[in-house]
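Input: a single structure, listed below in structure tokens.
The values are calculated or read from the model by the stated rules, or taken from the named source; none is laboratory data. The shown structure was predicted, so the numbers you read here are calculated from the model rather than taken from an experiment. Cβ atoms come from the backbone with ideal geometry, glycine included; neighbour counts cover every protein chain shown. When the accessible area is computed, the model is the full protein with side chains, heavy atoms only, and any ligands, DNA or RNA have been set aside. Shrake-Rupley method; radii C 1.70, N 1.55, O 1.52, S 1.80 Å.
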Amino acid sequence: KQVVNEICRDLMAQHPMRRMVQGDVGSGKTLVAFLAILASLSDGFQSALMAPTEILAKQHAQSFTPLFASIGMAAALLTSAMTAKAKQAVLDGLANGQIQVVIGTHALIQETVQFKQLGLVIIDEQHRFGVGQRQALVDKNDKIAVNLLQMTATPIPRSLAMTLYGEMHVSTIDQLPKGRQPITTRWLKEDQLEELEDHVAQELEAGHQVYYVLPLIESSEHLEQIENVLEVADRLADSFPDYKVDVLHGQLNKEEQEAVMDRFKQNQVQILVATTMVEVGVDVPNATIMVIQSAERFGLAQLHQLRGRVG
């Protein structure tokens, strides 16, 4: 409520909004974004929400659809993987104003994308975009200054936020919705791997699913001591013969990636061994445990994002 009020005050001010919303995964940033879009719509302006990956853009579209349906509206999706015909329909709708809300990937900043009256730009997982990319979307309306709302689940210390985003106001959602389970984070050493496998076995027996995240896809001669996705998947298939193990990484094509994710969502796969592709926006409520091996090879923002995929 507090963050929505801060945003609405910004939208009513004489100068354009430059605000960043920080909130843990699952704290309700999507709802805050939806209410900001509503406020913008009521003033007759179009809104655009940009996400870093296709999986996340689609997931946002799915989350927003029932919200918009309740007020008799729809949000269009725009990604590079769409057919030329589907893309053109969205481009036409944005240019003539019939489409008032669009959710998309970097496809939104292509020159062919023109808006009739863009008023609000929302950027999710803002650390995944460059300054120029964010600005390119804001510049899509050359008649008026566009309001900008950036969202992040990565906690940024206030002093650093002031340094990096000095001209931005920072809002923080510091409460989670009721009923959220706290996420327990544990650090294990090499000699505790048996304990880990026991814990994974317990979760599997309870009917839950497991993420295994690794920094490498396959073995590398320079990093021989670091386990990789393909090795670990084989090892887990031997350790847990009653459960289905699958892999997800960037060398699979888009269709294969989506097929793997769908199988995991539908619980046809119980253990998903992956690279950080699962870092952003993958939502499988039945997955209750995540193992991150060689955690020192990941950045703090990545670890925090990954952590938010469970609980």
Check segment 126-137 and report whether any residue there is at pLDDT 90 or above and of a type in the set (Val, Ile, Thr). no
Just name the residue that is surrounded by the fewest Cβ atoms within 10 Å (Cβ to Cβ) out of those in segment 1-38 that are of a type in the set (Lys, Arg) and farther than 21 Å from residue 307 by Cβ. 1
Qualifying positions in segment 98-139 - under 20 Å from residue 20 (Cβ atoms), of a type in the set (D, E, K, R) and surrounded by fewer than 19 Cβ atoms within 10 Å (Cβ to Cβ): 134, 139
Do we find that residue 184 is β-branched (Val, Ile, Thr), open to solvent by 30 Å² or more (accessible area, probe 1.4 Å), modelled with pLDDT under 75 and out of contact with any helix residue (DSSP H, G or I) (no Cβ under 9 Å at 6 or more places or on another chain) in this structure? no
Name the residue that is surrounded by the fewest Cβ atoms within 10 Å (Cβ to Cβ), counting only residues in segment 267-311 that are assigned to a helix (DSSP H, G or I) and hydrophobic (A, V, I, L, M, F, W, C). 300
Regarding segment 32-43, can at least one residue be identified that is under 30 Å from residue 259 (Cα atoms) and in contact with a helix residue (DSSP H, G or I) (Cβ under 9 Å, 6 or more places away or on another chain)? yes
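Conditions tested, residue by residue: (1) of a type in the set (A, V, I, L, M); (2) free of Cβ contacts under 8 Å to residues at least 24 places away in the same chain.
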{"site": "240", "(1), (2)": "no, no"}
{"site": "243", "(1), (2)": "no, no"}
{"site": "256", "(1), (2)": "no, yes"}
{"site": "259", "(1), (2)": "yes, yes"}
{"site": "275", "(1), (2)": "no, no"}
{"site": "283", "(1), (2)": "no, no"}
{"site": "289", "(1), (2)": "yes, no"}
{"site": "305", "(1), (2)": "no, no"}
{"site": "308", "(1), (2)": "no, no"}
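Yes/no matrix, rows are residues, columns are (1) in contact with a helix residue (DSSP H, G or I) (Cβ under 7 Å, 6 or more places away or on another chain); (2) under 25 Å from residue 253 (Cα atoms):
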{"residue": "47", "(1), (2)": "yes, no"}
{"residue": "59", "(1), (2)": "no, yes"}
{"residue": "71", "(1), (2)": "no, no"}
{"residue": "75", "(1), (2)": "yes, no"}
{"residue": "82", "(1), (2)": "no, yes"}
{"residue": "86", "(1), (2)": "no, yes"}
{"residue": "95", "(1), (2)": "no, no"}
{"residue": "104", "(1), (2)": "yes, yes"}
{"residue": "109", "(1), (2)": "yes, yes"}
Over segment 39-61, the set of residues open to solvent by 40 Å² or more (accessible area, probe 1.4 Å) and farther than 30 Å from residue 276 by Cβ is 42, 43, 44, 45
Identify all residues within segment 140-154 that are open to solvent by less than 10 Å² (accessible area, probe 1.4 Å) and over 21 Å from residue 59 (Cα atoms); write none if there are none. 146
Flag for residue 262 being of a type in the set (D, E, K, R) and within 19 Å of the chain's Cα centre (by Cα): yes
Please determine, by comparing only the residues of segment 62-88 that are open to solvent by less than 60 Å² (accessible area, probe 1.4 Å) and part of a helix (DSSP H, G or I), which one is nearest to residue 135 (Cα to Cα). 87
Looking only at segment 243-266, count how many residues are farther than 16 Å from residue 56 by Cβ and either of a type in the set (Asp, Glu) or open to solvent by 90 Å² or more (accessible area, probe 1.4 Å) (or both). 6
From the option list 144, 55, 122, single residue qualifying as touching a residue at least 12 places away in the same chain (Cβ under 8 Å) and in a helix (DSSP H, G or I) is 55
